[in-house]
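See below for the structure under consideration.
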Amino acid sequence: LRGALGLALLASSFGRPAAAQNPFITSQFTADPTARVFGDRVYVYPSHDIRGKPGQGRPGWFCMEDYHVFSSANLTNWTDHGVIVTQNKVAWVKPDSYSMWAPECVARNGKYYFYFPSTPKDSTAGKGFTVGVAVADAPTGPFVPQPTSIKGVRGIDPNVLIDKDGQAYLYWSQGNIYAAKLRPDMLELASEPVTLGALPTAGLKEGPYVFERQGTYYLTYPHVANKTERLEYATSRSPLGPFEVKGVLMDESPTGCWTNHHSITQFKGQWYLFYHHNDLSPNFDKNRSVRVDSLFFNPDGSIRKVAPTLR
Ligand code: FUB
């Protein structure tokens, strides 16, 4: 990031000089960053980790009650646009479950579709997690949650690809990675979910992020191959595969954070990897902070491994 942007000195939210550095949001804990370019700004939709008080969620576990969105014109000055979706204002979410996990946001036909997983109050919608959508006219909201979650989706970590032919696909995870077509209204599945084959059979795989570059579809995902999650990728000529595993794009966290979760986007001609570590909470890795570093492709389309930029 520093190489790409230089070390512009800025006034941080704490009123002291700050450089363009990681983590790039320091006013609250943030994780699972989905970064999207809308117009001339980058919008980051992260999870919002909090320190759970007694009675809030499961002790020692993730605790998330709402989502903020942040935006920037230069990846250095970030604006917090405030809360866009909160758990107890979503009809299908179990009240006070503190399970508003990794989200996604995409634009289509002048609307913004914010996908988020949580635990449903109605167990017929599925045990564990399912995924819902909230819709807005602007990237910062106001977002209106749909009254029900998406039928047929059980799991977490939604990610949406809108292909060049206009077909949209929803990807998500539940130990493995699943995908299905979305209807044109972006609110319901248009095909039966399939698992994306050829990924490593052992170890948790989650957090899918799919993008297309020069006719190649990249399926990128955190995978526990050893102790903690590292970011790997596979490629295909089609959004639903078959995918072929290509390698690792970021090694396990040097800070010991068990999870990593990412998105990859191009902004002003440069590709970037958004991800998280636990920089602001070294002793509790369920309070994470989002980071960004430049990402580069080799001439053959393979991804060069990204070394995290430390402070
Ligand atoms: O933030 C909660 C969960 O941790 C996410 O859903 C996973 O991808 C992992 O980052």
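The values are calculated or read from the model by the stated rules, or taken from the named source; none is laboratory data. As the structure is a prediction and not an experimental result, all values here were calculated from the model. All Cβ positions, even for glycine, are placed from backbone atoms using ideal geometry, and neighbour counts span all protein chains on display.
Remark: pairs (first residue in region 276-292, within 13 Å of the ligand (Cβ to nearest atom); second residue of a type in the set (Asp, Glu) and not in a loop (DSSP other than H, G, I, E, B); Cβ separation under 7 Å; 6+ apart in sequence or on different chains) = His276/Asp32. Filtering region 241-255 for residues that are closer than 17 Å to Pro222 by Cα, touching an Asp or Glu at 6+ places or on another chain (Cβ under 6 Å) and more than 14 Å from the ligand (Cβ to nearest atom) leaves a non-empty set.
Residue by residue through region 252-270, note down the ones that are closer than 19 Å to Ser72 by Cβ and surrounded by 17 or more Cβ atoms within 10 Å (Cβ to Cβ).
Within region 252-270, the subset closer than 19 Å to Ser72 by Cβ is 262-270.
Across region 252-270, the qualifying residues are His262, Ser263, Ile264, Thr265, Phe267.
Applying the condition of being in contact (Cβ under 8 Å) with a residue 24 or more places away in the chain, part of a strand (DSSP E or B) and aliphatic (A, V, I, L, M) to region 218-240 and asking which residue is nearest to the ligand (Cβ to nearest atom) yields Leu231. Restricting the first member to region 194-215 and to residues that are of a type in the set (A, V, I, L, M, F, W, C), and the second to residues that are part of a loop (DSSP other than H, G, I, E, B) and surrounded by 16 or more Cβ atoms within 10 Å (Cβ to Cβ), the beta-carbon pairs closer than 6 Å and six or more apart or on different chains are Leu196/Gly241; Leu196/Phe243; Ala198/Phe243.
For a quick check of your reading: which strands (runs of 3 or more DSSP E) sit entirely within region 124-204 and have at least 3 residues that are within 15 Å of the ligand (Cβ to nearest atom) and at pLDDT 95 or above? Steps first, answer last, please.
Working: elements: 130-136, 156-162, 168-174, 176-182.
So the answer is 130-136, 156-162, 168-174.
Looking only at residues in region 237-251 that are of a type outside the set (A, V, I, L, M) and surrounded by 18 or more Cβ atoms within 10 Å (Cβ to Cβ), the one that is nearest to Gly203 (Cα to Cα) is Phe243.
When Asp163, Asp157 are checked against the criterion of being under 21 Å from the mean Cα position of the chain (by Cα) and within 26 Å of His276 (Cα to Cα), Asp157 stands alone in meeting it. When you look at Gly197, is it under 18 Å from the mean Cα position of the chain (by Cα) and small (Gly, Ala, Ser), yes or no? It is false that Gly197 is under 18 Å from the mean Cα position of the chain (by Cα) and small (Gly, Ala, Ser). Only one entry in Arg237, Arg291, Arg304 is closer than 30 Å to Ser191 by Cα and of a type in the set (Lys, Arg), namely Arg237. When region 26-43 is filtered for residues that are more than 16 Å from the ligand (Cβ to nearest atom), under 14 Å from the mean Cα position of the chain (by Cα) and of a type in the set (D, E, K, R), only Arg36 remains. Away from the ligand (no atom under 16 Å from the Cβ) and farther than 23 Å from Arg51 by Cα, is that true of Asn298? Yes; evaluated as a whole, the condition is true for this residue. Within region 28-47, residues that are closer than 16 Å to Val292 by Cβ and part of a strand (DSSP E or B) have Cβ atoms under 6 Å from residues that are away from the ligand (no atom under 14 Å from the Cβ) and of a type in the set (Lys, Arg) in these pairs: Tyr43/Arg36, counting only partners at least 6 apart in sequence or on another chain. For region 52-111, the candidate set comprises residues that are within 15 Å of the ligand (Cβ to nearest atom) and at positive phi; within that set, the residue that is surrounded by the most Cβ atoms within 10 Å (Cβ to Cβ) is Tyr98.
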